[in-house]
Structure formats: C-alpha cells, structure tokens
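This report concerns only the one structure given below.
The values are calculated or read from the model by the stated rules, or taken from the named source; none is laboratory data. The structure displayed is predicted, hence computed values, not measured ones. Neighbour counts are summed over all protein chains in view; Cβ atoms, including those assigned to glycine, are modelled from backbone coordinates with ideal geometry.
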Amino acid sequence: MPDNNKISKTLRSVPGYVTVPNIVRFIGLALVVIAAGFYIGWSIIYGTWTDIGLYSFVAPVFVFGILTLMYAQEKYHRSTEN
C-alpha cells in the first residue's frame, strides 16, 4: 500500500538517505536518546536517581521511541520483502 501524501512524494524525490523509513527511524532514535540524556542529566544535576516525576516524563518518551523504531522495522521491512 503506497503512501500518496505530499511528504512521501517530496521525500521520494530527494536522493540519498532521506527516505520515509529513515526519517521514522531517526525520530524513534532521537526520542530514545532524548529520554536517556534527560534522565542522566537531571539525575546528575539534582542527585535524584529515583524521582517519580522524572520517571513520569522519561518513561513515555522512551517507550514512544522504542515503539517508533519497532513500527519502522515492521512496516518498512515487511514492504521490502514482498
């Protein structure tokens, strides 16, 4: 099932590594890195490695990053097999 939206059409015309799967993977990886960096940075600055407020921000960002990476792997890997 091809993507027919404007973003997909624009990105298909750009040569190189700027493709929809790579952008989705980058967003997922960025979310994971942001969550890990924020957790480590906050914990070092404030010395609170077990702060529930910190967990409430970091956990969803990290999970959405992992889910985005899993989505990209499932959707775009499966489409290249067929």
Counted residues in the stretch 26-73 being over 27 Å from S8 (Cβ atoms), part of a helix (DSSP H, G or I) and of a type in the set (S, T, Y) come to 5
Contacts under 9 angstrom Cβ, first residue in the stretch 21-41 being on the phi < 0 side of the Ramachandran plot, partner of a type in the set (D, E, K, R) and loosely packed, with under 14 Cβ neighbours inside 10 Å, 6 or more apart
P21/K75; V24/K75
Could you run through the stretch 28-46 and say how many residues are among the β-branched types (V, I, T) and either in contact with a Pro (Cβ under 8 Å, 6 or more places away or on another chain) or exposed (fewer than 14 other Cβ atoms within 10 Å of the Cβ) (or both)?
4
Taking the stretch 6-25 as the search range and keeping residues that are out of contact with any helix residue (DSSP H, G or I) (no Cβ under 6 Å at 6 or more places or on another chain) and part of a helix (DSSP H, G or I), which one is modelled with the lowest pLDDT?
R12
